[in-house]
């Protein structure tokens, strides 16, 4: 279940975002990589998420907002209907794929979630949220090496995720203890 997506993750440094991704993201990711103050980090991350969740077509923008609200209120059937329509109607909308991956993760539909993560990363290889989610799925299945690969990839894109850094360090330490 994990081999194909982990192979994709191992080549993300050579991947480019789809042309449909908003252009300001390039500068925001450069800023995120070098940001020092927590306030600047948080603001930059918020701007990245704002670009990811926006869409130039009003119908898609409204549908993603409604799906986020449905997810937050655990109305999973409604969220799934909206997200299915989004990925069919706007197949280059990376965040629609990511949100559906999140929904499927919450429903313990890990194979389906991974398929949506693969699509998200094909469109937006810098999607640290999708990479983090992949790592969580790997952990849920006891695939610690896969989790570390996904977490490290997320941290290369967004080095300021303390919880993720801690998880990666814990995994790395467990591997070094195993080797000794």
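Just so it is clear, none of the values below were taken in a lab; they were calculated from the coordinates. Worth saying up front: this structure is predicted, and the values here are computed from it rather than measured. Every residue, glycine as well, gets a Cβ built from its backbone with ideal geometry; the counts of neighbours run over all protein chains shown.
Helical runs assigned H by DSSP (4 residues or longer) give the chain a calculated mean residue ellipticity at 222 nm of -24000 deg cm²/dmol, each run adding -39500 (n - 2.57) before division by the residue total. Angle of helix 38-53 to the longest C-alpha principal axis of the chain, folded into 0 to 90 degrees and rounded to 10: 50°. Per-peptide packing, taken as the mean over residues of other Cβ atoms within 10 Å, places 132-144, 36-48, 155-167 in the sequence 132-144, 155-167, 36-48 from highest down. Mind pulling the angle between the C-alpha long axis of helix 162-179 and the longest principal axis of the chain? Nearest 10 degrees, somewhere in 0 to 90. For helix 162-179, the angle is close to 40 degrees.
Counting only alpha carbon atoms, the long axis of helix 58-72 and the longest principal axis of the chain meet at about 50°. Projected label points at residue 40 and residue 108, each 7 Å from Cα along the beta carbon direction, are separated by 4.5 nanometres. With each label modelled as a point 7 angstrom along the Cα→C-beta vector, the residue 61-residue 7 pair spans 4.0 nm. Considering all C-alpha pairs of the chain, those separated by over 30 Å amount to 17%.
Simple spin-label estimate for residue 169 and residue 140 gives 2.7 nm between the two label positions (7 Å along the Cα-to-Cβ direction from each Cα).
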